[in-house]
Amino acid sequence: IITLGQPEHSVVTTCAYCGVGCSFRAEMKGDQLVRMVPHKGGDANHGHSCVKGRFAFGYATHKDRIKAPMIRDSIDQPWREVSWEAAMAFAADRLTSIQKEYGRESIGGITSSRCTNEETYLVQKLIRTAFGNNNTDTCARVCHSPTGYGLKQTLGESAGTQTFDSVMKSDCVLVIGANPTDAHPVFGSLMRRRLREGASLIVADPRQIDLLKTPHLGASLHLPLRPGTNVAMINALAHVVITEGLEDTDFIAQRCDASAYLRWRDFIKQSCHAPEVVEGITGVPAADIREAARTFAKVPNAAIYYGLGVTEHSQGSTMVMGIANLALVTGNIGREGVGVNPLRGQNNVQGSCDMGSFPHELPGYQHVSDPIARGRFEAVWGVTLDDEPGLRIPNMFDAAIAGQFRALYVQGEDIAQSDPNTQHVEEALRSLDCLIVQDIFLNETAKFAHVLLPGSTFLEKNGTFTNAERRINRVRKVMPPVAGKEDWQVTMALSNALGYAMHYDHPSQIMDEIAQLAPSFAGVSYDKLELQGSLQWPCNDEFPDGSPIMHETHFPTPHGKGQFAITEFVPTTERATRRFPLLLTTGRILSQYNVGAQTRRTDNQRWHQEDVLELHPHDAEERGVKEGDWLGISSRAGRTVLRALISERMQPGVVYTTFHHPGSGANVITTNNSDWATNCPEYKVTAVQVEKVSQP
Ligand code: SF4
């Protein structure tokens with residue numbers, strides 16, 4: 001433990017990194033944070049933590065923090081430090097004149113999955129009221145938007161079904177496109193515990209993940225499928241269940257829509273979904289697919305956990321629906337030990353979606369075209385709301401390049417670095433007349449900004465985060481914000497400068513407004529959170545103490561039934577070719593977080609490894625590559641350079657890298673391909689050429 005002195009008092013708050021949402025005691029000496037100690041009373045972590053939550057908090061006091069608002073007339077000019085009032089007046093003036101000249105739809109904003117529920121709620125409210133349109137989107141667009149779509153279509157609610165602790169009742173765990181021990185370490189450890197006790201493990205992933213090395217009593221099976229073939233694989237698993245009579249007929253009869261089931265059953269019985277055919281698509285032996293399906297379907301409780309290896313594909317939404325189909329047909333929904341569980345990468349991905357960040361949904365997943373829902377919001381917000389969905393992030397970029405979209409407000413998201421096809425994003429940002437960036441550091445996006453508003457870290461604010469199990473956890477302020485304002489206060493000030501009055505004294509009042517307007521949050525309040533420690537939504541009259549397990553008796557669909565969806569496999573256009581013969585996929589390491597803006601400014605820096613390109617010995621040998629050689633990696637979108645790491649974890653023909661360092665620029669080579677339903681980028685499969693180069 002790194003200590004800066006003896007603590008005098010402590011404040012319980014929530015980790016700002018991954019979607020596990022661990023509780024910590026922030027131990028303080030005066031205003032100085034001495035250490036973060038995992039909180040035994042934390043409902044998500046029960047006193048456990050990982051190296052990110054425990055040690056990576058130094059970024060909050062790093063010298064690079066932006067400490068005052070700044071403005072400039074154009075992006076080739078130097079920044080001028082100004083007062084909050086001057087910055088707000090400058091931003092409001094620009095936004096107003098742009099709307100006057102180019103129309104109401106010419107501006108928009110992006111919320112952050114790193115900010116609190118209350119802050120996210122205010123940003124979308126600002127856009128829908130002061131801006132007067134639905135041009136709001138969230139960084140969840142590039143990670144879990146297919147989860148929102150796919151689970152809504154099938155299970156009726158855009159959220160995972162279980163608590164983390166539920167895994168301790170699972171007899172089989174199917175992990176698809178996720179690496180929990182690196183990306184969700186505290187939950188990964190819990191899963192390991194259950195595997196050691198005897199649960200079976202099935203991993204569907206192009207790369208061998210550490211979980212497969214866990215010594216355990218139950219079966220362990222790796223399905224090393226080719227990137228881009230998830231849907232073929234999930235259909236094949238379902239095909240085995242149906243053709244071998246392994247379905248849960250009682251569950252299907254009682255809990256599922258009969259006609260949707262019959263349609264789906266006819267679809268899935270087709271011979272094109274047989275494992276022997278799918279082997280040719282996925283590269284996974286048919287016998288292994290059959291064994292996996294039998295193992296999953298025959299145990300009393302089987303659970304599915306998935307990550308961005310499912311969602312960040314051109315068929316991300318289809319795959320999420322395929323996962324729900326498999327859970328429904330085997331009756332693995334509605335009790336402990338089972339379920340469909342998206343592992344959320346960022347601390348508040350679930351919350352940012354819940355809070356109405358998407359351009360088609362008001363808070364609580366209420367569609368903007370629903371006149372009753374809209375009426376409720378209009379009565380409280382005092383405006384007439386737009387009934388047409390607004391622009392998604394990729395549409396904003398395209399419209400900016402076309403000259404129709406002229407101003408953007410971005411809170412807590414480095415879109416220039418984290419969105420795909422960097423060249424395209426930069427062209428869009430350069431086209432804007434006004435870019436307002438609210439962040440804690442001068443990030444890559446801020447290089448294109450006209451207004452820079454200092455953001456606050458999780459240590460400097462009050463609010464709530466919602467983790468991957470729908471658990472609303474309190475975030476408590478332990479030190480004053482470096483620039484004097486918490487993020488929700490900044491948004492409120494911008495709204496007031498634009499002429500739409502917002503008055504809140506504390507985020508608890510914002511939560512009260514959310515509870516008034518979003519039915520799933522009707523029973524949530526700060527008082528109840530103090531009393532219970534945390535609450536899992538839905539929390540309302542029907543579930544006053546929250547809902548650890550969803551869909552126990554019915555689904556929130558029109559007839560209360562689970563909906564099977566047809567999941568046709570459509571191959572991605574990113575295929576290995578003579579010019580680009582390898583398929584690149586991406587992931588994370590334990591000690592770093594996303595693009596590293598925070599973790600690289602903390603003690604975790606000592607564990608920092610540069611991003612490298614992992615490749616199979618066969619592919620290395622074919623190219624005369626040795627460990628540590630520099631490699632040029634080109635795709636049809638761009639080119640980058642990384643060192644080689646030769647690894648048996650890879651399968652021949654597939655290469656892998658992480659994206660924690662800005663210099664490596666993994667997103668320079670990812671393409672504009674995206675999910676058909678949600679536009680979530682296809683980060684997880686890029687056809688590339690790899691060649692040895694003499695130096696970077
Ligand atoms: Fe934070 Fe996630 Fe680590 Fe928990 S597991 S300490 S939430 S990064």
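Note on Lys528: aspartates and glutamates with a C-alpha under 13 Å away, same-chain residues under 8 apart excluded, are Asp512, Asp545.
Relative contact order of the chain, taken over Cα pairs closer than 8 Å and 6 or more residues apart, is 20 percent. How many angstrom separate the Cα center of the stretch 480-541 from the Cα center of the stretch 170-232? If you average the Cα positions of each part, the centres end up 37 Å apart. Cross-link partners of Lys100 among lysines, defined as those whose alpha carbon lies under 25 angstrom from its own and excluding same-chain residues fewer than eight positions apart: Lys125.
Ignoring lysines fewer than eight residues from Lys561 along the same chain, the ones with Cα atoms less than 19 angstrom from its Cα are Lys152. Distance cut-off 19 Å, Cα to Cα: go down the list Lys67/Lys447; Lys213/Lys626; Lys447/Lys477; Lys169/Lys298 and report the pairs above it. Pairs exceeding 19 Å: Lys213/Lys626; Lys447/Lys477.
Rounded if a/c is under 1.5, else prolate if a/b beats b/c, else oblate: with a ≥ b ≥ c from the C-alpha gyration tensor eigenvalues square-rooted, which is the stretch 145-342? Rounded, since a/c falls under 1.5.
Dividing the convex hull volume of the alpha-carbon atoms in the stretch 9-61 by its residue count gives 65 Å³ per residue. Per-peptide packing, taken as the mean over residues of other Cβ atoms within 10 Å, places 11-22, 682-693, 577-588 in the sequence 11-22, 682-693, 577-588 from highest down. Using 0.36 nm per residue and subtracting the Cα-Cα separation, the extra length available between Glu388 and Ala501 on full extension is 38.3 nm. Over the chain, DSSP H runs of length four or greater, each weighted -39,500 (n - 2.57), average out per residue to a 222 nm ellipticity of -8500 deg cm²/dmol.
Farthest towards the positive end of the charge dipole of the chain, among the residues Ile646, Gly484, His360, is the Cα of Ile646, using unit charges on the Cβ of Lys, Arg, Asp and Glu. Just so you know, the Rg over Rh for the stretch 4-147 is 1.07, from Cα atoms, with Rh as the Kirkwood radius.
The percentage of C-alpha pairs in the stretch 380-517 whose separation is greater than 28 Å is 29%.
Two decimals is fine: what is log10 I(q)/I(0) at q = 0.08, 0.10, 0.11, 0.12 Å⁻¹ for the chain, from a Debye sum with one equal scatterer on every Cα and no solvent? The computed values of log10 I(q)/I(0) come out as -0.58, -0.94, -1.16, -1.39. Principal axis extents of the C-alpha atoms in the stretch 178-252 (largest first, rounded to whole Å): 35, 30, 18. For the chain, the residue among Ile333, Ala60, Asn135 whose Cα projects farthest onto the positive side of the dipole built from Cβ charges is Ala60.
Only the coordinates and a few stated rules stand behind these numbers; no lab work does. The shown structure was predicted, so the numbers you read here are calculated from the model rather than taken from an experiment. For neighbour counting, all protein chains shown are included, and Cβ atoms are generated from backbone atoms with ideal geometry for every residue, glycine included.
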